[in-house]
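The structure under discussion appears below in the form of structure tokens.
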């Protein structure tokens with residue numbers, strides 16, 4: 001699907017004119033390159049050699065390395081998460097917010113186990129999100145910002161289960177902060193930490209905080 005991030009055209013139409021098999025080969029090689037080397041050390045020269053295309057052809061498809069990287073972030077990470085969230089939304093009547101968080105985390109873990117390169121790119125992006133390139137890319141997909149939790153929060157407010165005075169967007173943003181803890185844990189302990197047990201511990205802590213708050217009841 002063609003993307004328009006903040007007015008920047010990604011990729012160029014010439015990329016979408018390619019046969020599907022060739023598009024997939026270029027994207028597959030790009031995923032391997034960025035997953036293996038991170039954004040800074042990723043090489044267009046290595047990528048085009050692996051994909052079997054001329055370097056000049058690459059610039060007919062993408063403006064530059066940042067253009068391709070932004071496309072991968074949107075298509076492989078942002079839209080993937082949106083799809084997972086959308087698939088779980090029909091469970092609004094069955095799950096509460098904390099149940100949805102647990103389900104979402106486990107679903108994403110299964111996705112990452114199936115596509116470990118996507119996990120590596122995602123973690124690299126979050127880890128370096130304050131770098132100029134990553135900040136520009138984040139600003140370009142503001143309209144695609146993760147909105148996993150808003151629907152559940154609003155639904156539970158409507159049922160009287162969550163305080164209506166709580167700002168939906170602020171609470172959703174705080175919940176998204178759990179991803180930073182995940183990145184920190186993987187950085188410190190390695191990818192092997194990402195197990196169902198770890199996910200349950202993270203979900204348990206979020207559920208406890210949401211249920212009991214952070215201040216002790218001294219009454």
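Each reported figure results from applying straightforward, stated rules to the coordinates on display, with no laboratory input. Computed from a predicted model, the values in this text were never measured in an experiment. Backbone-built Cβ (ideal geometry, glycine too); neighbour counts: all protein chains shown.
Using only the alpha-carbon atoms, how far is helix 79-88 inclined from the longest principal axis of the chain? Give it as 0 to 90 degrees, nearest 10.
The helix 79-88 is inclined about 40 degrees to the chain.
Quickly estimate the mean residue ellipticity at 222 nm for the chain, helices only: each DSSP H run with n ≥ 4 gives -39500 (n - 2.57), and the total goes over all residues, rounded to 500.
It lands at -20000 deg cm²/dmol.
Tell me, Kirkwood radius of the chain from alpha-carbon pair distances, in Å?
Kirkwood radius, the chain: 19.1 Å.
When only Cα pairs under 8 Å and 6 or more residues apart are kept, what is the percent relative contact order across region 3-212?
With pairs under 8 Å counted, the relative contact order is 23 percent.
So how far apart, in nm, are the two label points at residue 204 and residue 174 if each is 7 Å from Cα heading toward Cβ?
2.2 nm
Can you pull the one-decimal nm distance between simple spin-label points at residue 163 and residue 184, each 7 Å off the Cα toward Cβ?
Result for the modelled spin labels: 2.4 nm.
Any idea what angle helix 20-41 forms with the longest principal axis of the chain, computed on alpha-carbon atoms, 0 to 90 degrees, nearest 10?
Rounded to the nearest ten degrees, it is 70.
For the residues 211, 187, what sequence is obtained by ranking on other C-beta atoms within 10 Å, fewest first?
Neighbour counts put them in this order, fewest first: 211, 187.
Roughly what angle does helix 196-212 make with the longest principal axis of the chain, taking Cα atoms, 0 to 90 degrees, to the nearest 10?
On a 0 to 90 degree scale, this one is about 50.
Which Rg and Dmax, in Å, describe the Cα atoms of region 99-219?
In Å, with Rg to one decimal and Dmax whole: 16.0, 50.
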